1. Across region 83-105, which residue is surrounded by the most Cβ atoms within 10 Å (Cβ to Cβ) among those that are of a type in the set (A, V, I, L, M) and assigned to a loop (DSSP other than H, G, I, E, B)?
2. What is the one condition in (1) polar (S, T, N, Q); (2) surrounded by 13 or more Cβ atoms within 10 Å (Cβ to Cβ); (3) modelled with pLDDT of 85 or more that Thr26 does not satisfy?
3. When region 52-82 is examined, which residues are found to be among the charged types (D, E, K, R), part of a loop (DSSP other than H, G, I, E, B) and either surrounded by fewer than 14 Cβ atoms within 10 Å (Cβ to Cβ) or at positive phi (or both)?
4. For Leu33, which of the numbered conditions (1) among the aliphatic types (A, V, I, L, M); (2) closer than 30 Å to Pro113 by Cα; (3) touching a helix residue (DSSP H, G or I) at 6+ places or on another chain (Cβ under 7 Å) fails to hold?
5. Does Trp110 fit the bill of being modelled with pLDDT of 90 or more and exposed (fewer than 14 other Cβ atoms within 10 Å of the Cβ)?
6. I'd like the full set of residues that are under 20 Å from Trp51 (Cβ atoms) and of a type in the set (Lys, Arg), limited to region 71-111.
Amino acid sequence: MQQIADRIGMHVTTVSRAVDDKWLQTPRGLHPLRRFFVGGTVSADGDEVAWDAVRLKLQEIIDAEPKDDPYSDDALVDELGKRGITVARRTVTKYRKAMDIPSSRQRRDWKLPRADRPAE
């Protein structure tokens, strides 16, 4: 919305009010116009990254994590940072919960020995 507001020379709240309670009929159904204005963040390269892309990357990282010692939310922030995406830990927590992904403790496979502990 900010990009549109900048382009037409109006305040972002004016654009927000203009799309509020408006619907768009598409071949795939009726959708609120606000749905097409997704937020995002800026990558380390300066490119804009949509929140949906952040969620997909988060899912990829969790799918590939070690099952004997899954990443905490802080570690997930670090992993996203390595991929050029800067987000806060609370954002990762919010997305993880919205995606029904359990905490690291709940994701851990307790049958596997942890790599950082010596075998007994």
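The values are calculated or read from the model by the stated rules, or taken from the named source; none is laboratory data. Small disclaimer: the values here were computed from a predicted structure and weren't measured. A quick note on method: Cβ atoms are made from the backbone with ideal geometry, for glycine too, and the neighbour counts reach across all protein chains shown.
1. Result: Val87.
2. Of (1) polar (S, T, N, Q); (2) surrounded by 13 or more Cβ atoms within 10 Å (Cβ to Cβ); (3) modelled with pLDDT of 85 or more, only one is false for Thr26: (2).
3. Taking region 52-82 as the starting set, the residues that turn out to be among the charged types (D, E, K, R) are 52, 55, 57, 60, 63, 65, 67-69, 73-74, 78-79, 82.
Subsequent filtering for residues that are part of a loop (DSSP other than H, G, I, E, B) retains 65, 67-69.
Result: Lys67, single match.
4. In the conditions (1) among the aliphatic types (A, V, I, L, M); (2) closer than 30 Å to Pro113 by Cα; (3) touching a helix residue (DSSP H, G or I) at 6+ places or on another chain (Cβ under 7 Å), Leu33 misses (2) alone.
5. Numbers: modelled with pLDDT of 90 or more: no; exposed (fewer than 14 other Cβ atoms within 10 Å of the Cβ): yes.
Criteria not met by Trp110.
6. If the condition is that a residue be under 20 Å from Trp51 (Cβ atoms) and of a type in the set (Lys, Arg), then Lys82, Arg83, Arg89, Arg90, Lys94, Arg96, Lys97 are the ones that fit.
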